[in-house]
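Quick notes on the structure that follows.
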Amino acid sequence: ATTQMAPTTAVAGDEGAASALLELLQRVQTEALRALGPEGFDPKLYVDLPLSTDERTAAAALPPPEPAPSRAEMEAYLARYFGKAGSDLVEADPPDFDPEPTGFLPRVGSPEARAWALEVHALWKDLARRVAPAVSERPERHTLLPLPGRVVVPGSRFREVYYWDSYWVVRGLLVSKMYDTAKEVVLNLVYLVETYGFVLNGARSYYTNRSQPPLLSSMVLDVYGATGDVEFVRRAFPSLLKEHSFWMSEVHNVPIRDNHGQVHNLSRYQARWNKPRPESATIDEELASKINCIADKEKLYHQIASTAESGWDFSSRWMRNSTDMTTLATTYIIPVDLNTFIFKMERDIAAFAKLVGDNATSEEFLKASKARHIAIDSILWNSEMEQWLDYWLPTDGDCQQGGYQWKSDSQNRKIFASNFIPLWLNAHHSGSVQFADAAKSKRVMASLQKSGLLCAAGIATSLTNTSQQWDFPNGWAPVQHLIAEGLLHSGSEEAIKLAEDIATRWVRTNYAAYKATGAMHEKYDVEACGKSGGGGEYKPQTGFGWSNGVVLSFLEEFGWPEHKEIGCT
Ligand SMILES: OC[C@H]1O[C@H](O[C@H]2O[C@H](CO)[C@@H](O)[C@H](O)[C@H]2O)[C@H](O)[C@@H](O)[C@@H]1O
C-alpha cells in the first residue's frame, strides 16, 4: 500500500508551531497519566488544552518525569499554564433557533413524542458554539482550528466539529428549520477543504492527517433541497470537486481487475500518519508496546489512524483477528460504505454541475458514478449472501498489470451493518436509475432480516462482541438512519414496514434512555430498549449531535401518531 506520511497543513509556517504545541501537549498527557493514574483518564483532554502562555514557557515549567509528578503538582501546573479544554469555543445563540418552530414535525400527533422532540430540538442551543477570536489571533496556542461560522459539536469530549457527524447534525437542523445554522455548518467544512484540500476528521490540528466518511455533497444536497439556494451550491461546488480528487488520489484509489479482465477503481481509507494519534497517544503507545520493531510499530500506528478515518473506530471489521487490535489492516480493505458515499458524491456533483450550468462536468461525473456502480456490483456484491461485502486486498503488494486480481474468497463474508448501507442510495436517486432495483432490494432486505443484526432496540453494528465500540451490541444512529431511509425508498410495502419498525425501535430506545438519564447518547446497546452503549477506548459520551439529528429525522420521515406508545413496549 502506498503511504505518504506527512500530514497536510494549511500554511507551511504553521506546521512547526502546531507540532511544537502537540509535542508539548503529548508530554503533558504522558505525565498527567503518571500523576493522576489510569482511573477515568481521558488522553484527549490534554491535547485539547489551550495554552495561556507561550509554548516555550509552559514547556520549561513542565515537572520533570523523574520522580513522577504528584497529583497536586500536575494540577497546579495545568491551572497555571493552560485554559480549560473547550474554553476556546464560546457559546453562540443561533439566531434562527425558535423554541417551537412553525411547521415543526407535522406528522407527530403524540403529545409525549412532540414534547420530547422539542426538548431534543432545544439541544441545538447547547451544542452550538463559535470558535473564540483568540484562536485566529494566536493559533500557535490552540489545537482547535479556526472556522468562519457557527459550529455544532457532537458533545461532551467531542468539543470540536466532526466531519461525518455533521451530516446528521445538518439533517436535524433542517427538521428544526434552522436553515442558516445548517448552511454555516456546511460552509465550515467547505472552508476546511479550501484550506487543507479535504474535510478533516475534525477541526483540530491533530486531525489534519485524515478525513472521515465523505458526506459533504450529501449535506449540500439536503440544504439545497430545503432552501432552493443555488448560490449556496455554487459556493460549495469547487470544494466538492477538490474533495473528490482527494478520494481519487493514489493514497485512496485501488485498481482491481475482475474475472473478465476489466479494471475497476474503488476507494479505501488511508491516513497520512504513522505515529500514535495525539488524542489517544497513551493508549496507542500501550498497544504498540507489544511490538518490538519500530517499523512494525509505525505500521500499526498507520492502521490505527486509517481506521479512525473510517469513522468505525474500532471494530472487528478492520482486524484480521477480531480479538487482537494489533491486527488492524484497514488500508487493505475496500469498504462497502466508503464506496457507497463516493458513488453518491459523484451523482451529487453531476447534479450540481448541471444546476450551475457546467454540462461537461456533469457528464464526466455521471460517467464516473456509472463506473463506480459497475465496480461495486463486480467487486463487492455477493449474490449468494445477497449483501455487499468488504473486500480484502493481499498484503504482499500483488498489484500486477495495473490492478489487483479479484478473488471470490477475498470478500469478507462476516456480517456487518455496513453490508447493507448501499440500500441508502435508493433514497437518493433523484430521477436517475435506482442503485438496486426493486427485486434486488427485496432480496437484500430478506438477507438483512435473517442476518441476526436486527435486535430489540435497533440494528447491531456487527455480530461479534469484541468490546470495541463499533461492534455488537452497540447500535449507532448513522447506521440506523442510512439503512432505514434506504428501506423506506426501496419500493415495497414490506420494506417500508421494516424501515418503520427500525425507526420505531430506535426512537423508543433514545426516548427511554433520555427519560432515565436526561441525556441523548452517542451510541446505544441494541439488546434492550433504553440502554446506552459502551465499550471502546473512552467513556460513553452524551450530547449528542448525530443521535439528535437522527431522532428528529425519523420523527419527520415516519411521523408518530397520537396513540402510538413512545416508551419501551
Ligand atoms: O478519541 C478517539 C476517536 O474519537 C473519534 O471517534 C469517535 O467519535 C467521533 C465523533 O462522534 C465519530 O465521528 C467517530 O465515528 C467515533 O468513532 C474520532 O473521530 C477519532 O478520530 C478519534 O481517534
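The values are calculated or read from the model by the stated rules, or taken from the named source; none is laboratory data. As the structure is a computational prediction, the values presented were derived from the model and not from experiment. Note: ideal-geometry Cβ built from the backbone for every residue, glycine included; neighbour counts use all protein chains shown. Side chains included, ligands, DNA and RNA excluded: accessible areas come from the protein's heavy atoms. Shrake-Rupley method; radii C 1.70, N 1.55, O 1.52, S 1.80 Å.
Observations on the model:
- Sulfur and carbon atoms: percent of accessible area, the range 42-143 [1.4 Å]: 53 percent
- Backbone HN-Hα couplings from phi across the range 410-425 [Karplus 6.51/-1.76/1.60, Hz, Gly and Pro as x]: 8, 6, 7, 7, 6, 8, 10, 4, 4, 5, 10, 5, x, 4, 4, 5
- Ranked packing of 44-53, 469-478, most packed first, by mean Cβ within 10 Å: 469-478, 44-53
- Peptide packing: for 61-71, 325-335, 214-224, 252-262, the average count of neighbouring Cβ atoms within 10 Å per residue gives the ranking 214-224, 325-335, 252-262, 61-71, highest mean first.
- Taken one residue at a time, the phi angles of the range 31-42 give Karplus couplings (6.51, -1.76, 1.60, θ = phi - 60°) of 5, 5, 5, 5, 7, 9, x, x, 4, x, 6, 10 Hz. Gly and Pro are set to x.
- Sequentially through the range 171-179, phi angles give Karplus couplings (6.51, -1.76, 1.60; θ = phi - 60°) of 4, x, 4, 5, 4, 7, 6, 9, 5 Hz, Gly and Pro residues having no value and appearing as x.
- Share of carbon and sulfur in the accessible heavy-atom surface of the range 470-569 [1.4 Å probe, %]: 49 percent
- Each peptide in 244-250, 313-319, 113-119 was scored by the mean count of other Cβ atoms within 10 Å over its residues; highest first, the order is 313-319, 113-119, 244-250.
- Evaluating kT/(6 pi eta Rh) at 25 °C and 0.890 mPa s, with the Kirkwood radius of the range 292-423 over Cα pairs in the Stokes-Einstein relation, gives 149 µm² s⁻¹.
- Counting protein heavy atoms only, the range 363-422 has 49 percent of its accessible area on carbon and sulfur, 1.4 angstrom probe.
- Applying 1/(1 + (r/R0)^6) with R0 = 22 Å to the Cβ-Cβ distance of ASP229 and ARG107 gives a FRET efficiency near 0.30.
- The range 255-271 residues near the modelled SER408 label - backbone nitrogen below 14 Å, point 7 Å along Cα→Cβ: 259-260
- Percentage relative contact order, the chain, counting C-alpha pairs under 8 Å, at least six apart: 15 percent
- Whole-Å semi-axes of the ellipsoid equivalent to the range 303-345 (Cα gyration tensor, √5λ, descending): 21, 9, 8
- Compared with the direct C-alpha span, the chain from GLU140 to ALA446 gains 104.7 nm at full extension, assuming 0.36 nm per residue.
- In the context of the full set of protein chains, residues of the chain present 38 Å² of accessible surface per residue (probe radius 1.4 Å, heavy atoms only).
- Scanning residues 5 or more positions from THR464 or on other chains, those with amide H under 5 Å from its amide H are PHE472, with H placed 1.01 Å from N in the peptide plane.
- Amide H partners (placed H, <5 Å) of TRP381, local residues excluded: LEU389
- Set LYS370/LYS442; LYS354/LYS523; LYS440/LYS523; LYS370/LYS440; LYS440/LYS497 screened for pairs whose C-alpha atoms are more than 28 Å apart: LYS354/LYS523; LYS440/LYS523
- Taking the convex hull of the alpha carbon positions in the chain and averaging its projected area over all directions gives 25.5 nm².
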